[in-house]
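To keep things clear, I will list the structure first and then write my remarks on it.
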Amino acid sequence: MIAGYGSRPVFQYKFRPLAHDARALDGGFSVILYENRILSFSTYDVSGVFLDELCFALPGRVTTCFYALLRGAAPWLGSTPCDLRGEDTSPYASSFAFDGYDPIRVWGINRLLVEPAGSEDGFFARHLYVLFEDVANLFAENGIRLTLDGFTWDSSRIRPFRKNQLRRTGNQGVV
């Protein structure tokens, strides 16, 4: 199967700097984990136009652990509001999507994380952030670093490829 597009996404994260932020020099990025263990990293320009995509082949253990995390989050994830707003002037917006659940858009997650203990939005934001961190830790075990506002990889541990390279070489090297 060709990297990603022939498989269903099971996790998606999108980071988008907002126009009113003077630091918004790019249009952000998205990360998609497909059920075939391919991780896609795409970048966008300031107007939101797709620029580039790199893919990473991950071991089967990643999806097995991902689904275990998702099962643990089931009690709260299904009741999470699809729109969480911590502040109107957030420097960026995030979107989280987990297999079988509606996408969750968040503005100002850093503000939501410090909401008082009784705050419903704070409760969901903290749980969402912990789940995101757990997923990011799965990627980190394979040389990929995902944060709320960044994505990098250790090229001595994992090598990106482009989908068109996979077509030319067959499925060689994909675990």
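Quick notes on this structure:
- Helix 120-140 and the long axis of the chain differ in direction by around 20°, with both axes built from C-alpha atoms.
- Of the peptides 145-158, 26-39, 90-103, the order by per-residue mean of other Cβ atoms within 10 Å, starting with the highest, comes out as 26-39, 90-103, 145-158.
- Among 48-59, 113-124, the peptide with the highest mean count of other Cβ atoms within 10 Å heads the list, and the full ranking is 48-59, 113-124.
- When the helices of the chain are scored as -39500 (n - 2.57) per DSSP H run of n ≥ 4 and the total is divided over every residue, the value at 222 nm lands at -9000 deg cm²/dmol.
- FRET efficiency for ARG111 and ARG162, using Cβ-Cβ distance with R0 set to 25 Å, rounded to 0.05: 0.10
- Measuring nothing but how far apart in sequence close Cα pairs (under 8 Å, 6+ apart) lie, relative to its length, the chain scores a relative contact order of 21 percent.
- The residues neighbouring ARG145, those whose beta-carbon lies less than 14 Å from its own, together hold a net charge of -3 under the Lys/Arg +1, Asp/Glu -1 convention.
- Accessible area per residue, Å², the chain with all protein chains present, probe 1.4 Å: 52 Å²
- Spatial separation of Cα centroids for segment 41-55 and segment 66-119, in angstrom: 23 Å
- Charge tally around THR63: other residues with Cβ under 12 Å, Lys/Arg +1 each, Asp/Glu -1 each, net +1.
- Degrees, to the nearest 10: 60-77 long Cα axis against longest axis of the chain: 20 degrees
- Heavy-atom surface analysis with a 1.4 Å probe gives segment 17-135 a carbon and sulfur content of 56 percent of its accessible area.
- Distance between the 7 Å Cα→Cβ label points at GLU133 and SER119: 1.7 nm.
The values are calculated or read from the model by the stated rules, or taken from the named source; none is laboratory data. Note that the structure is predicted; figures quoted are calculated from it, not measured. Note: ideal-geometry Cβ built from the backbone for every residue, glycine included; neighbour counts use all protein chains shown. For accessibility, only protein heavy atoms count, side chains too; no ligands or nucleic acids. Shrake-Rupley method; radii C 1.70, N 1.55, O 1.52, S 1.80 Å.
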